[in-house]
Amino acid sequence: MEAIAALVLLPTAIGTLRPGAVPGPFRPPSPRNISSMDRSSPSVAQSASAVAGVLIPRTGELSAEIYGLIVREIPRLRSDKRVLTLLEASVTENVATLLHVLQHDIDLENVRAPAAAEEYARRLAQRGVPIAALLRAYRIGSARFQDRCLEELGEAPTTQR
């Protein structure tokens, strides 16, 4: 699930942000460096696509769940209503992007951070929010996203795995 690995690695790509800094486009590491998964394996691609296909209609539900976890777990991110709205958009766009990557086996070289995610990182940096808070948010989101994917994979008939 290289796309899931990209979500985990996104914070690393923006981890050098300083207050007032503007992040550039996300460039995920080469897939050969983040996973030993055989992308050419039809069963892996089919399983990832099947899981994404089940979760895409629930994108809003999954995004709301992740957003709620982040806000509940990281009080530092609750201070500004406008920034919270941007966090919600960032989570929704990240979840939707990853599900499409999984469903359509999109090469990570072609994946870019969603606009709301980049702007959210900028706004936090401008407000002097420590990068640790953003990294923690991505870890929380990534863990929940992975959990949901694995739950769906476990419920799939063995013919789809």
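Taking the range 118-142 only, how many residues are closer than 16 Å to residue 59 by Cα and aliphatic (A, V, I, L, M)?
0
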> Residues of the range 133-158 being farther than 21 Å from residue 96 by Cα and modelled with pLDDT of 95 or more, which ones?
Replying inline: 133
> Looking only at residues in the range 41-90 that are in contact with a Lys or Arg (Cβ under 7 Å, 6 or more places away or on another chain), part of a helix (DSSP H, G or I) and among the β-branched types (Val, Ile, Thr), which one is nearest to residue 157 (Cα to Cα)?
Replying inline: 66
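The values are calculated or read from the model by the stated rules, or taken from the named source; none is laboratory data. Note that the structure is a prediction, hence the values are computed from the model and not measured. Cβ coordinates were reconstructed from backbone atoms using ideal geometry, including for glycine residues, and neighbour counts include every protein chain displayed.
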